[in-house]
Structure formats: C-alpha cells, structure tokens
Amino acid sequence: MASADTLISLADPDDAEIVTRLQIDFGDEFDDPSPPFDVLVPRFRHLLADPAAFVLLAGDRDDPIGYAVVTLRPTVYTDGPLAVLDELYVRPARRGEGIGTVLLTRAIEEVLARGGGEMHINVDEIDTDARRFYERHGFVNIESGHDYRMLLYVGQLTR
C-alpha cells in the first residue's frame, strides 16, 4: 500500500521519454489517442525545461507508477499564477493505494511553493471516479454562490 512515503520526484528534461510513455499509456487506457511518441517527446522536453510547468513522477523514476502534469500561467484573479492540473494518472494495477492522493497533494504543495493561488482541473462529466476523487480533496464543480456549471470551450488553432 502506498502512503505519504511514496517517492515523488520532479521530472526534468531528461525524463521526457518516460513521461511520454506514461502519457501514451494514459491515452490508450481511456481510448483517447495521444500524439505519437516522436511528437510528444520534444513537447515534454520543452515543457519540462519551462519554469511555468512541472511534472511529478511517483515511485521509481525509471519506471514510475504515476505522474502529474501541471502548468502555470499569470492571472488577474490571484496574486500568483493559476495552476492547471493537465494530467494525473496512476497505473491501473496501483490504483486504490493512495498514490493519486500523494501526487495531488505534492502538486498542490509545489504550486504553493511557486506562489500559486488557485488550481483548475478539467474532468469529463462522465468520469465519476475522477470527479469523486477531486471532490474528496476539496475541489468543487460549482463555485460557491453560483448555481450553474462553468463550461470549457476548446478550439484547435491552426496557422
């Protein structure tokens, strides 16, 4: 069983291939194809070198059991950057051991250490397990005082 003593490390650009494998496994599991490996590796290498982003690896750095990807951006709504938890994934065989909680907790600590004041997490409405997980950790789908859902609009930009 995992616990607070699960090793969590910050990935660096040399970990781009490992993070890419996790991303592809995540996409494959949920039938949400990722870009190909050779496209993702340089993207992750660039992201891992950017101070406005970080990736956490859970477990053995060479063969992690999970990861979290967080990006940060300036915002007028808080004094520090707004964090977006882009991905949080734990390998299926290791779910239910508290690894997701350890990753989320460590991600929040890292965001706070970087001056962040708010974290956003996009979750598919039908993914009730993920919704319950984030709600159990204090995240809400509807902001206090609002009786409507905020919608996310996505548009692929082309040049």
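The values are calculated or read from the model by the stated rules, or taken from the named source; none is laboratory data. None of these values were measured; they are calculated from a predicted model. Don't worry about glycine lacking a Cβ; one is built from the backbone with ideal geometry, like all the others, and counts go over all protein chains shown.
Structure data summary
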quantity	calculated
In the range 49-59, residue surrounded by the fewest Cβ atoms within 10 Å (Cβ to Cβ) [restricted to those that are more than 24 Å from residue 94 (Cα to Cα) and in contact with a strand residue (DSSP E or B) (Cβ under 6 Å, 6 or more places away or on another chain)]	52
Cβ pairs under 9 Å, 6+ apart, first in the range 133-159 and touching a residue at least 12 places away in the same chain (Cβ under 8 Å), second of a type in the set (S, T, N, Q)	133/101; 134/141; 137/101; 137/105; 152/122
Which numbered condition residue 84 misses (of (1) surrounded by fewer than 21 Cβ atoms within 10 Å (Cβ to Cβ); (2) at pLDDT 95 or above; (3) farther than 24 Å from residue 132 by Cβ)	(3)
Residue match in the range 77-94 (condition: of a type outside the set (A, V, I, L, M), in contact with a Lys or Arg (Cβ under 9 Å, 6 or more places away or on another chain) and over 25 Å from residue 60 (Cβ atoms))	yes
Pairs with Cβ under 6 Å, 6+ apart, first in the range 22-33 and touching a residue at least 40 places away in the same chain (Cβ under 8 Å) and closer than 20 Å to residue 56 by Cα, second surrounded by 11 or more Cβ atoms within 10 Å (Cβ to Cβ) and among the polar types (S, T, N, Q)	23/34
Identity of the residue in the range 1-17, outside any loop (DSSP other than H, G, I, E, B) and crowded, with 19+ Cβ neighbours inside 10 Å, that ends up nearest to the chain's Cα centre (by Cα)	8
The lone exception for residue 62 - which of (1) closer than 27 Å to residue 151 by Cα; (2) surrounded by fewer than 11 Cβ atoms within 10 Å (Cβ to Cβ); (3) modelled with pLDDT under 95 it fails	(1)
Top-ranked residue in the range 116-145 [being part of a strand (DSSP E or B) and not hydrophobic (A, V, I, L, M, F, W, C); ranked as farthest from residue 98 (Cα to Cα)]	118
Enumeration of residues in the range 20-40 that are closer than 25 Å to residue 114 by Cα and either of a type in the set (Val, Ile, Thr) or exposed (fewer than 13 other Cβ atoms within 10 Å of the Cβ) (or both)	20
